[in-house]
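As structure tokens, the structure follows; a few thoughts come after it.
No lab work stands behind these numbers, since they all come straight from the coordinates. Every value quoted in this text rests on a predicted model; they were computed, and no experiment measured them. Neighbour counts run over all protein chains shown; Cβ positions are idealised from the backbone, glycine included.
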Amino acid sequence: MTSRLLDLLEIDAPIIQAPMAGVSTPEMAAAASNAGALGSIGVGATDARGAQKMIAAFRARSRRSLNVNVFCHAPARADRAREGRWLERLRPEFERLGARPPAALHEIYRSFVEDDEMLAVLVAERPKVVSFHFGVPAPERVRALRDAGIVLLGAATSPVEARALAAADVDVVVAQGFEAGGHRGVFDPDAADDALSTFALTRRLARELDRPIVAAGGVMDGAGIAAALKAGASAAQLGTAFVPCDESAIDAGYRAALASDAAHHTVMTRAISGRPARCLANRFTALGADVSAREIPDYPIAYDAGKALHAAGKAAGDFGFGAQWAGEGAPRARRLPAGKLVALLRRELADAAR
Ligand SMILES: Cc1cc2nc3c(=O)[nH]c(=O)nc-3n(C[C@H](O)[C@H](O)[C@H](O)COP(=O)(O)O)c2cc1C
């Protein structure tokens, strides 16, 4: 299956640099792709024009395969009363930072499931790969992408989600384990979650599905990629390993936290964005520890408050409210240019396979 996947994606090594909205950049993706991996950009938090610019920036640097990642969450339901209560809950934090909470919260970006402009841009630009996070779009959208010759990837955190992706004719399933950094790809954040590990999920999906599986979560080096392949994956998708790369868009506070003892503690929290995501333990995750999911506005309305609080913190020199997404492998992230990281991963993989 690994060579089938490499042929399908037109890449040299079974490595995907994870799409990371707000963190991965076209420069990072181009460096990863030029080194033989699949480079990815996350356009989930931008609009069609933003996506078009990012694709152009990639293409100015690489002629190789590109993965463009979109968010397929159920569109947010506004609830003014809940949003008001949430802002009141956060008010003391804003005030401690010498700021005031915003007057109201907004849905700061649209889901791909209802974004016709984004679909039109992807069909026109035809990146090699489009990947889905948080769900799967309607059949006619999937068909439009397929008819444009685009290979489709989708993230699953459970066998049920994986079966839904397969039924929608998504070519490759990304098995995202509970240890993974960033947003958990759960389709429904309110449903029961078995929190399957990367290993357990990859093994199950490799046995149950008739299509290539990509393991995501906790893979930090070539030995980890080799272990994922042994478990039945055809490739591994690495996010946290690429977060400190030179081409990353992270701020100084995020970079310092990742390089410090703070990297030893990660927490799954819903408080920052409205959906569960794994983050370095910080002041925001501590605040989230004693709020119930019902109190938090829908994703990404809650993220509007999260970003405002982070901005207020930064203005006061406090980076403790950042969305510092990272997986359980965080202490082992290495700071390198992305191309050098891919070359190192490939050497380590070859050594581990010997
Ligand atoms: C900073 C960060 C941002 C992420 N953003 C996205 C995203 O925009 N889209 C997506 O599909 N996955 C996103 N993810 C999840 C990754 O695709 C992948 O599942 C995860 O990074 C794998 O676990 P690891 O971080 O332990 O390597 C993000 C992960 C991180 C660390």
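What the table shows:
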{"read-out": "From phi via Karplus (6.51, -1.76, 1.60), per-residue ³J(HN,Hα) for the range 101-111 in Hz, x at Gly/Pro", "value": "x, x, 6, 8, 10, 10, 7, 7, 7, 9, 6"}
{"read-out": "Contact order relative to length of the chain, as percent, for alpha carbon pairs under 8 angstrom and 6 or more apart", "value": "20"}
{"read-out": "Sorted by Cβ neighbour density within 10 Å, fewest at the top, the residues Asp351, Asp290, Asp171, Asp246", "value": "Asp290, Asp351, Asp246, Asp171"}
{"read-out": "Cα-Cα pairs of the range 175-228 separated by more than 17 Å (percent)", "value": "39"}
{"read-out": "Distant-in-sequence amide H partners of Thr266 (H built 1.01 Å from N, under 5 Å)", "value": "Ala281"}
{"read-out": "Percentage of interatomic Cα-Cα distances in the range 302-345 larger than 16 Å", "value": "58"}
{"read-out": "Relative compactness, the range 220-317, computed as alpha-carbon Rg over 2.2 N^0.38 Å", "value": "1.28"}
{"read-out": "Residue of Gly36, Gly320, Gly98 that the Gaussian network model of the chain assigns the largest fluctuation, springs spanning Cα pairs under 10 Å", "value": "Gly98"}
{"read-out": "Average projection area in nm² (convex hull over Cα atoms of the range 5-60, one quarter of hull surface)", "value": "3.7"}
{"read-out": "FRET efficiency, Asp188 to Ala316 (Cβ-Cβ, R0 45 Å, nearest 0.05)", "value": "0.80"}
{"read-out": "Kirkwood-based Rg to Rh ratio, the range 99-209, C-alpha trace", "value": "1.04"}
{"read-out": "Order of Val113, Val219 under a 10 Å beta carbon neighbour criterion, fewest first", "value": "Val113, Val219"}
{"read-out": "Phi-based couplings in Hz for the range 234-239 (Karplus 6.51, -1.76, 1.60; Gly and Pro marked x)", "value": "9, 6, 10, 10, 10, x"}
{"read-out": "Of Ala257, Ala191, Ala144, the one that fluctuates the most in a GNM where the chain has Cα springs shorter than 10 Å", "value": "Ala191"}
{"read-out": "Rg over Rh [alpha-carbon atoms, Kirkwood Rh] for the chain", "value": "0.95"}
{"read-out": "Protection proxy ranking, peptides 156-167, 22-33, average beta carbon neighbours within 10 Å, highest first", "value": "22-33, 156-167"}
{"read-out": "Distance between the range 1-75 and the range 277-354 - C-alpha centres, whole angstrom", "value": "19"}
